[in-house]
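The structure under discussion appears below in the form of structure tokens.
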Amino acid sequence: MKVIVNVSLKAGVLDSQGKAVHHALESLHFNNVSNVRVGKQIIFNLDESDEKKAMADVTKMCEDLLANTVIEDYAIELIK
Amino acid sequence: MKVTILQFPGTNCEYDTQHAFKSLGANTEILWHKSEVVPKDTDLLVVAGGFSYGDYLRSGAIAKFSPVMQAVTKYAKSGGKVLGICNGFQVLTEAGLLPGALKRNESLHFLSKHHHLKVVNNDNIFLEKLHNGDIVNIPIAHHDGNYYIDEDGLKELYENNQILLKYCDEEGNDKNPNGSVDSIAGVCNKEKNVFGLMPHPERAMEKLLGSNDGIKMLQGFLQA
């Protein structure tokens with residue numbers, strides 16, 4: 001299956017890149033934008049057919065490496 | 001006195017650090033990250049600055065899985081003294097040996113300049129040659145030096161005197177170059193044997209190069 005992990009700064013943690021992007025969008029006259037967050041996406045294939053097992057594996061990957069849970073949240077998407 | 005200096009692919013301050021400690025009379029050894037042990041005679045282990053693994057994913061995130069890091073963790077947990085400078089500080093927070101995390105600078109710019117720092121707690125081996133309130137002039141050079149810790153963690157840092165240094169101006173007034181929580185430039189663990197800071201004391205060893213305030217900091221380690 002295909003795995004997509006989205007990592008972004010936690011809600012309470014100031015996202016300077018998001019702020020800079022927001023300002024840039026405003027300077028392009030997109031004045032209807034708010035709450036911009038910049039994150040990263042990690043995509044890979046996982047050789048695992050059991051969804052439960054896959055979720056457990058990817059969660060462990062996120063906790064150990066893909067996200068720094070002191071400052072970041074992660075969201076996992078599994079695509080069969 | 002033996003100082004062991006860690007070297008990952010992408011580390012670039014190991015020779016400056018070696019030069020600094022040698023000039024203070026220490027024996028030094030540079031240790032490649034594939035080593036699975038910390039040399040037995042090590043009195044101080046330094047995780048030097050640079051860009052381990054190209055800062056891929058996050059600064060310090062990949063380095064924490066290097067073979068040597070298990071030995072470093074064991075060494076630290078058994079009371080061994082560890083100092084992380086710049087990328088070394090990032091590695092130690094990623095490895096969970098120091099609290100908090102380092103984010104991208106608030107300005108999003110890479111900062112490379114001299115900066116003043118105020119000594120906040122000198123009741124530890126690293127800063128005991130200095131006094132609380134002393135102001136030192138030490139270079140900073142980082143992109144991800146914006147120290148973050150949540151409110152409970154910050155309270156704990158204050159309660160246990162774990163904040164080592166804060167950024168300030170020449171007079172000691174608050175001046176924050178990178179957005180760090182409470183202008184924190186360096187912290188230690190509760191047990192006060194693991195130290196981390198973003199500024200580079202090893203680059204402040206000679207007046208000719210702008211400052212020798214790093215001498216008093218690094219000397220603290222050499223008397224034990």
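The values are calculated or read from the model by the stated rules, or taken from the named source; none is laboratory data. It should be emphasised that the depicted structure is a prediction, and the values quoted were computed from it without experimental measurement. Reconstructed Cβ throughout: ideal geometry from the backbone, glycine too, with neighbour counts over all protein chains shown. Calculation scope for accessible area: heavy atoms of the full protein, side chains included, ligands and nucleic acids excluded. Shrake-Rupley method; radii C 1.70, N 1.55, O 1.52, S 1.80 Å.
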Fill in: Inter-probe distance in nm under a simple model that places probes 7 Å from Cα toward Cβ, at A:Asp64 and B:Tyr56
1.7 nm
Worksheet item: For the stretch B:2-222, with every protein chain kept in place, what is the accessible area per residue (1.4 Å probe, Å²)?
Response: 41 Å²
Discussion item. Relative contact order for chain A: what percent, with Cα pairs under 8 Å and sequence separation of 6 or more?
Written reply: 53 percent
Fill in: Rel. contact order, % - alpha carbon contacts under 8 angstrom, at least six apart, chain B
19 percent
Worksheet, complete the sentence: Place a point 7 Å from the Cα of B:Lys113 in the direction of its beta carbon; the residues of the stretch B:161-199 whose amide N falls under 18 Å from it are B:166-180, B:183-185, B:198-199
Practice prompt. Return one whole number: the accessible area per residue of chain A in Å², for a 1.4 Å probe.
Written response: 64 Å²
Worksheet item: Hey, can you list the residues from the stretch B:57-105 whose accessible area shrinks by 50 Å² or more with all protein chains present, relative to the chain by itself (probe 1.4 Å, no ligands or nucleic acids)?
Response: B:Leu57, B:Arg58, B:Lys103
Worksheet entry | aspartates and glutamates with Cα under 20 Å of B:Lys74, excluding same-chain neighbours fewer than 8 positions away | A:Asp64, B:Glu29, B:Glu36, B:Asp41, B:Asp43, B:Glu94, B:Glu191
Fill in: Backbone N within the stretch B:96-137 under 18 Å of label point (7 Å from B:Ser23 Cα along the Cβ vector)
B:113-115, B:136-137
Worksheet item: Mind checking the dipole of the stretch A:2-79: about its Cα centre, +1 per Lys or Arg Cβ, -1 per Asp or Glu Cβ, Debye to the nearest 20?
Response: 280 debye
Worksheet item: Using θ = phi - 60° and the Karplus curve 6.51 cos²θ - 1.76 cosθ + 1.60, what whole-Hz ³J(HN,Hα) does each residue of the stretch B:5-12 get, with Gly and Pro shown as x?
Response: 10, 6, 10, 9, x, x, 5, 9
Worksheet item: Between their Cα atoms, which of B:Lys113/B:Lys175; B:Lys81/B:Lys207; B:Lys192/B:Lys216; B:Lys2/B:Lys34 are more than 23 Å away from each other?
Response: B:Lys81/B:Lys207
Worksheet item: Taking a label point 7 Å from the Cα of A:Ile76 along the Cα→Cβ vector, which residues of the stretch A:19-46 have an amide N closer than 16 Å to it?
Response: A:42-46
Worksheet entry | For the pair B and A, total buried accessible area rounded to nearest 100 Å², probe 1.4 Å | 1300 Å²
Discussion item. If I model a spin label as a point 7 Å beyond the Cα along the Cα-Cβ vector, how far apart are those points for B:Glu171 and B:Asn12 in nm?
Written reply: 3.7 nm
Item to complete: With a 1.4 Å probe and every protein chain kept in, tell me what percent of the accessible surface of the stretch A:2-79 is carbon plus sulfur.
Response: 53 percent
Worksheet item: Which of the residues in the stretch B:146-160 lose at least 10 Å² of accessible area when you go from the chain alone to all protein chains together (probe 1.4 Å)?
Response: B:Tyr148
Worksheet item: What does the average come to when, for each residue of peptide A:9-18, you count the partner chain Cβ atoms lying within 10 Å of its Cβ?
Response: 3
Worksheet item: Pairs of lysine in chain A with Cα under 30 Å and at least 8 positions apart or on different chains: total?
Response: 21
Item to complete: Two decimals is fine: what's Rg over Rh for the stretch B:71-122, C-alpha atoms, Kirkwood radius as Rh?
Response: 1.04
Worksheet item: From the Cα gyration tensor of the protein assembly as shown, with a ≥ b ≥ c the square roots of its eigenvalues, which class applies: rounded if a/c is under 1.5, or else prolate if a/b is larger than b/c, or else oblate?
Response: oblate
Worksheet item: Looking at the protein assembly as shown, what % of its DSSP beta bridges pair antiparallel, to the nearest 5?
Response: 70 percent
Worksheet, complete the sentence: Contour minus Cα-Cα span, A:Ser49 to A:His29, at 0.36 nm per residue, comes to 2.5 nm
Practice prompt. Determine the shape class of the stretch B:2-222: with a ≥ b ≥ c the square roots of the Cα gyration tensor eigenvalues, call it rounded for a/c under 1.5, and otherwise prolate if a/b is greater than b/c, oblate otherwise.
Written response: rounded
Practice prompt. Using a 1.4 Å probe over the heavy atoms of the protein chains, calculate the carbon and sulfur portion of the accessible area of the stretch B:157-209 as a whole percent.
Written response: 43 percent
Fill in: Inter-part distance where the stretch A:64-78 and the stretch B:115-186 are each reduced to a Cα centre, Å
28 Å
